Amino acid sequence: MATFLSDQMFLPVMTALSASLIATVTDIRSLRIRNTLTVPLCISGIVFHGMMEGWPGFTVSLAGIGIGFAVLILPYLMGILGAGDVKLLMGMGAWLGGHNTALVALFGCLAMGLVAVVVLAKREGPKAVWLNLQLSILRLQTIRRHLFASQGELKDIKSMASDPVQRHNLIPFSIMLAVGSVALVGILLVG
């Protein structure tokens, strides 16, 4: 624990964790993650690493941005996530670098999968979980043919967010990124 607290990654990890918690609050309230959070987060991460480590730090920051983009762009294009989620992970990546961004994304996606299974099982029972798992596998198989979501699908997600009745069915992904950030802190404290 003392090693992590004195480590040069302490400030970047705490900055990313703080940003994910702030995004979680705004995402829960409005189902939006503001550019006023994500853009400065991204720029400040690049500047921080560039000033602290020079060119290697700059490349570490760009790698984190790239990983954040690469991990969430397909779910965004499929209409599963909003653009704010992608930009948040990119901003966190600017601070965390590639490896730690991948860990946050992994833990966030695992948490989202678990929450989705629990919510579905609670609402519709285990049979619905099995059916949805089969449908998800089929959908993943069609990704080769359909890289982009149709405009209708993207509008459906947006209309769900604006519809008070359907709004409660959406689970903000920023919560899962906060869970991933907390898991990263736990790993760094133990290791």
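The values are calculated or read from the model by the stated rules, or taken from the named source; none is laboratory data. Keep in mind it's a predicted model, so treat the numbers as computed, not measured. FYI the Cβ positions are ideal-geometry reconstructions off the backbone, even for glycines, and counts take in every protein chain you see. Accessible surface is based on the protein model in full, side chains and every heavy atom, while ligands, DNA and RNA are left aside. Shrake-Rupley method; radii C 1.70, N 1.55, O 1.52, S 1.80 Å.
Of note:
- The Val182 and Asn132 beta-carbon pair, evaluated with R₀ = 35 Å, returns a calculated FRET efficiency of approximately 0.85.
- Here region 1-120 exposes an accessible surface that is 76 percent carbon and sulfur, computed with a 1.4 Å probe and the other protein chains kept in place.
- Working ranking of peptides 96-103, 29-36 by packing, defined as the average number of other Cβ atoms within 10 Å per residue, highest first, is 96-103, 29-36.
- As a calculated quantity, the FRET efficiency between Glu53 and Leu21 at R0 = 22 Å, using C-beta atoms, amounts to about 0.30.
- Distances between every pair of Cα atoms in region 1-108, grouped in 5 Å steps from 0 to the bin holding the largest one, split as 3, 14, 23, 25, 19, 10, 5, 2, 0 percent.
- Accessible surface, per residue, of region 4-47 when the full set of protein chains is kept, probe 1.4 Å, Å²: 54
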